[in-house]
1. Give the residues of region 1-45 that are among the β-branched types (Val, Ile, Thr), surrounded by 23 or more Cβ atoms within 10 Å (Cβ to Cβ) and more than 22 Å from the chain's Cα centre (by Cα), sorted by residue number.
2. Out of all the residues in region 279-303, which are surrounded by 23 or more Cβ atoms within 10 Å (Cβ to Cβ), β-branched (Val, Ile, Thr) and not in a strand (DSSP E or B)?
3. Considering region 205-250 alone, what residues qualify as being hydroxyl-bearing (Ser, Thr, Tyr) and loosely packed, with under 15 Cβ neighbours inside 10 Å?
4. Can you tell me how many residues in region 1-20 are within 18 Å of Asp53 (Cβ to Cβ) and part of a loop (DSSP other than H, G, I, E, B)?
5. Just the residues that are more than 17 Å from Pro101 (Cβ to Cβ) and among the basic types (Lys, Arg), please, taken from region 113-166.
6. Is it fair to say Val48 is assigned to a helix (DSSP H, G or I), open to solvent by 10 Å² or more (accessible area, probe 1.4 Å), aliphatic (A, V, I, L, M) and closer than 23 Å to Arg12 by Cβ?
7. Just checking, does region 52-73 include any residue being surrounded by 14 or more Cβ atoms within 10 Å (Cβ to Cβ), modelled with pLDDT under 95, assigned to a loop (DSSP other than H, G, I, E, B) and of a type outside the set (D, E, K, R)?
8. What's the total number of residues in region 318-344 that are over 20 Å from Lys158 (Cβ atoms), open to solvent by less than 90 Å² (accessible area, probe 1.4 Å), outside any strand (DSSP E or B) and of a type in the set (Gly, Ala, Ser)?
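The values are calculated or read from the model by the stated rules, or taken from the named source; none is laboratory data. Note that the structure is predicted; figures quoted are calculated from it, not measured. All Cβ positions, glycine included, derive from the backbone under ideal geometry; neighbour counts span all protein chains shown. Just the protein is used for accessible areas: all its heavy atoms, side chains included, with ligands, DNA and RNA removed. Shrake-Rupley method; radii C 1.70, N 1.55, O 1.52, S 1.80 Å.
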Amino acid sequence: MSLALQLARQARLAPPPNPAVGCVLALPDGTVLGVGATQRAGSAHAEVMALRDAAARGQDVRGATAWVTLEPCAHQGRTGPCCDALVAAGVARVVASLPDPNPLVAGQGFERLRAAGITVEIGPGAVESRELNIGFFSRMVRKTPWVRLKVAASLDGKTALEHGSSQWITSPEARADGHAWRARACAVLTGIGTVLEDNPRLDVRDVETPRQPHLVVVDSRLETPLDAKLFIPGRQLFIYAALSHPARQAALESRGATVIQMPGPGGKVDLAAMLRDLAVREVNELHVEAGHKLNGSLVREGLVDEFLVYLAPKLLGHGRDMASLGPLEDLAGAVPLAFRDVYRVWPDLRIMARVAGRDSF
């Protein structure tokens, strides 16, 4: 199972919106017959890749054990049911980390394996497999993406000078690490303020990736410039608006954007409804790189699941905060966080902090 999890980790950039899954076919004595991991959406899943690998090695998998990090699927989606492939191959035992939370599977894969006389065991590697696919589980169970808010700040918590200058507070090494987190997300979210001030691309450039995440812009009044750098051929761009402006919408759609009207109170975009809509559009992990205003709105509405914070060894004094939250009446109103990881990305620190209880679904 350790090898299966390793395969899933190594392949995790390719499968979204599918989960990252690894599979190892082995004999009872530990001899590995074949290995595989889930490929890009529409391509083979981990079990099929492992069966193909075993066949390429000339190995007979009848009577073998399939170690897989998620329940083999039991439905016809972009590909055929993996449980049927394992039955046809003649494996004797399947050890899986977790049941698949997808309602189209949800135990049916295990049932079909058992009905075919295959022994099924569940549990080894469950914690790591779920964490690896936290966004997929969030979308299937909560019907919203897993929202990770990324911030690059000075040691005193400033993300920009008062006039907005922010390039660059953190090091090239930290920026490359941030691109790796972009790469694993299904979509990157920003606000119109960042688009107008920085004119960013918000694509993955500093690390190799088999796919580019979608881009999501919160743009209440449809102010996105038609010559903005975020219009990249082949990339899905979703713009969420609150106010109707047919001419601007038509112009943006002519550039390839998908404009979604999602009005909320005060002429703003309904952010909670936006997340539910993104889940329908198969977004598992949503990586937020926005300004202090949109960050503050997401935090105040309780929509952020965890924070990815890069701290540079600098002091900026007056400047823009990580998120505009407003003053608290007392400390009881603070957002409770749990540190998940602290890692040095020379010369900066990377801190992962999760909102307490958000992963209990």
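1. Matches in region 1-45: Val24 only.
2. Across region 279-303, the qualifying residue is only Val283.
3. Within region 205-250, Ser244 is the sole residue that qualifies.
4. Selection size over region 1-20: 5.
5. Once the filter is applied, which keeps residues that are more than 17 Å from Pro101 (Cβ to Cβ) and among the basic types (Lys, Arg), region 113-166 yields Arg114, Arg148, Lys150, Lys158.
6. yes
7. Yes, region 52-73 has at least one match.
8. Going through region 318-344 one residue at a time, the tally reaches 1.
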